[in-house]
């Protein structure tokens, strides 16, 4: 029983899988398909390294072109621009893929919402792949400048789905925690039947449960914040505040259950 409580405590203690920025530095490691996610992790990190190299090369070629302004240095700069943009798209695409896959964890607690988000993520993965085909044939600065405007017009939508996914990840984890809490609470309630102290706690349990659900719902509702084409309204910090409150309530439930379990355990009773 105590081992299970410790496992539950560690589950809700786990922080968000991804960083809180649009360019994350970590990928989930615990999902129903660990081998697949491990591969996506490697893909992301590999592409991220390539992008850093491509960006550095672009900056170098751009400085050389600014200094000399020759046809050769211009071509080198355009080639470096193309490689950097394609590399950036690949990095973002592999991140979205890993993020989409991570939503499989505890997906069944809210299959419709998770599936909807995953479809949206997959759409942007495909879009980025299509854009690489387009960028690959560019050979002048005007094409790259125009494409940058296209990407900029899509970036608000991409950021929105990224942060929405990060929020949903945590909602999934907390909902799974509550499934385990409910199972454990029912087990302890049966074993401590007739004990006044535990009965009082169980009578108050629905109130805390409602507070948790209210905060989870609020966190999700914030992800529906209206966005504008030229400006991203970041809802993540407010959603995170809701999620922190609900997580603290879950901590409270787990700690209370742990205390009740210890207090009324057969070993404890034998010593009294």
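When residue 116 is tested against (1) at pLDDT 95 or above; (2) under 19 Å from residue 222 (Cβ atoms); (3) in contact with a helix residue (DSSP H, G or I) (Cβ under 8 Å, 6 or more places away or on another chain), exactly one condition is not met: (3).
The condition of being part of a helix (DSSP H, G or I) and in contact with a helix residue (DSSP H, G or I) (Cβ under 7 Å, 6 or more places away or on another chain) holds for only one of 161, 150, that being 161. Scanning segment 215-250 for residues that are assigned to a loop (DSSP other than H, G, I, E, B) and within 11 Å of residue 163 (Cβ to Cβ) returns 223, 225, 227, 232, 233, 234, 235. Close contacts from segment 54-65, counting a first residue that is within 17 Å of residue 88 (Cβ to Cβ) and a second that is loosely packed, with under 13 Cβ neighbours inside 10 Å, with Cβ to Cβ under 8 Å and a gap of 6+ residues or different chains, come to none at all. Of the residues making up segment 86-97, one or more are closer than 22 Å to residue 148 by Cα and either more than 20 Å from the chain's Cα centre (by Cα) or part of a loop (DSSP other than H, G, I, E, B) (or both).
Of the candidates 246, 191, 218, the single residue that is buried (at least 20 other Cβ atoms within 10 Å of the Cβ), over 30 Å from residue 126 (Cβ atoms) and in contact (Cβ under 8 Å) with a residue 12 or more places away in the chain is 246. Does residue 167 count as closer than 18 Å to residue 236 by Cβ, in contact with a strand residue (DSSP E or B) (Cβ under 9 Å, 6 or more places away or on another chain), in a helix (DSSP H, G or I) and in contact (Cβ under 8 Å) with a residue 40 or more places away in the chain? Here the answer is no, as residue 167 does not meet what is asked. Report yes if residue 123 is without any contact (Cβ under 8 Å) to a residue 40 or more places away in the chain and either part of a helix (DSSP H, G or I) or crowded, with 17+ Cβ neighbours inside 10 Å (or both), otherwise no. So residue 123 passes the test.
Applying the condition of being modelled with pLDDT of 95 or more and under 15 Å from the mean Cα position of the chain (by Cα) to segment 223-235 and asking which residue is nearest to residue 117 (Cα to Cα) yields 223.
You will find that of 160, 200, 208, the residue that is buried (at least 16 other Cβ atoms within 10 Å of the Cβ) and either more than 27 Å from residue 104 (Cβ to Cβ) or over 28 Å from the mean Cα position of the chain (by Cα) (or both) is 208 and no other.
Taking residues in segment 106-119 that are outside any helix (DSSP H, G or I), and partners anywhere that are at pLDDT below 95, the pairs with Cβ atoms closer than 6 Å and at least 6 places apart or on different chains are 106/172; 106/176.
The values are calculated or read from the model by the stated rules, or taken from the named source; none is laboratory data. On a predicted model such as this, the values are computed, not experimentally measured, just so you know. All Cβ positions, even for glycine, are placed from backbone atoms using ideal geometry, and neighbour counts span all protein chains on display.
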